[in-house]
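Following: one structure in structure tokens, then a few remarks.
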Amino acid sequence: MAKYWIGITSQQNLAANRKINFPVAGFSNHLRKRVRQVEPGDKVLAYVEGLYRFAAICEVTSKYYYDDKNKIWPEDSDTWPCRFKTRPLLVLPDNEMLDVKKLVPQMTFITPRQKATKWGLALQQGLIEIPEEDFGLVESEMRKLMKAPQPPNCYFTEEEAKKAIMKLPLEKKSLHDRLGEMLETIGSRMGYNAYTGHRVTPEHAVELDVAWLRGKNPEVAVEIQIGGSIIEAKDKLAQARKFNYRKVIMVIEEAQLPRLNAIVKFDELINWMDAWSIPAVYKLYTTGMSFMCYYERLIESQYKRKANVEFIRE
């Protein structure tokens, strides 16, 4: 049965985690026994000390391991060698992190005495196991803060879409990489194993910009054609089809569409391929993220102890 934890981090280390997309969590040697209790499938809330904010939710994907050789986090005081691997489920931007002070009165793992005096003492142990109801409360409030920009109701131009994408709270810097991050995120939220920079098969030399898999079975391959060779992008998608990806997509600027059609006109690949515009990917991401927040809550089915019925607001 899954357990729920709060992992304490610093502002510096949070910034480092954001850059690498939260692939691992690390803790000091004195927490080794507690870290050993963490299991794959457990959920961890990232709490930023000093800011009193919750920043992210991650799922544990490995058992405990010890690594004091590979320094990941910038602070000099420790290497945080007691580790387990993770994957991010929800990450809030720096300016929208959840203020824990608003939730202290409702959190059951903080004792009444701590609430009345120094509740911060309950959040100084590095790694804290908490009840599922406390985790559910924090997760619900964090999801309310996930404000994806709403796309315009009318058509908007490619240049407007590019500018809008560059303003989204994403980790990647370039337009190409941001499009990949958006498509990877949507795939993950839809239940696929979604990756950027994924090889067609583990032994294959060709690497796809984005791949969605159902378990280990290939489903959707995407090449993002922003600069570079459109023929090379087409050939990568052809390799994906050869290895049973059921659908292939090329994200292109609209001016490239006539050339793409000329290249694939007599190619069997045309029957499996879609071309997506940059505005279409932007709309997919913004509307999709809004929908998935509500959808995931709608299909959620698990027992939670509550004092009151929760009201789902817009």
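Each value in this text was obtained by applying a stated rule to the coordinates, not by laboratory testing. This structure is a prediction, so every number in the text was calculated from the model and none was measured. Neighbour counts are summed over all protein chains in view; Cβ atoms, including those assigned to glycine, are modelled from backbone coordinates with ideal geometry.
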For Leu260, the net charge from surrounding residues (Cβ-Cβ under 12 Å; K, R +1; D, E -1) works out to -2
J(HN,Hα) series, region 236-244, from Karplus relation 6.51 cos²θ - 1.76 cosθ + 1.60, nearest Hz, glycine and proline x: 5, 5, 5, 5, 4, 5, 4, 9, 6
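Greater than 29 Å separation of Cα atoms is the criterion. Which listed pairs, Lys144/Lys167; Lys33/Lys173; Lys102/Lys173; Lys118/Lys167; Lys85/Lys234, meet it? Display every interim value, and only then the final one.
Numbers: Lys144/Lys167 20 Å; Lys33/Lys173 39 Å; Lys102/Lys173 33 Å; Lys118/Lys167 39 Å; Lys85/Lys234 35 Å.
The answer is Lys33/Lys173; Lys102/Lys173; Lys118/Lys167; Lys85/Lys234.
R0 = 25 Å: FRET efficiency of Lys163 with Asp94, Cβ-based, nearest 0.05?
Working: r = 21 Å, r/R0 = 0.84.
Calculated value: 0.75.
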Between Asp67 and Ala16, what's the calculated FRET efficiency when r is the beta-carbon distance and R0 is 22 Å? Round to 0.05. 0.90
Once phi is turned into θ = phi - 60°, what whole-Hz ³J(HN,Hα) does the Karplus curve with 6.51, -1.76 and 1.60 give for every residue of region 202-213, x standing for Gly and Pro? x, 8, 7, 7, 7, 10, 8, 4, 9, 9, 10, 10
Gain upon complete extension [Met190, Lys247; 0.36 nm per residue less C-alpha separation]: 18.9 nm
Relative contact order of the chain (C-alpha contacts under 8 Å, at least 6 apart) in percent is 14
For the Met1, Phe266 Cβ pair and Förster radius 51 Å, calculated FRET efficiency rounded to 0.05 is 0.35
Return one number: the angle in degrees, 0 to 90 and rounded to the nearest 10, between the long axis of the Cα atoms of helix 11-20 and the longest principal axis of the Cα atoms of the chain. 30
Residue-wise HN-Hα coupling along region 84-91, computed from phi with Karplus coefficients 6.51, -1.76, 1.60 (Hz; x: Gly, Pro): 8, 7, 9, 9, x, 9, 7, 10
Dipole-positive endmost among Ala262, Thr196, Ile231 within the chain (Cβ charges, Cα centre): Thr196
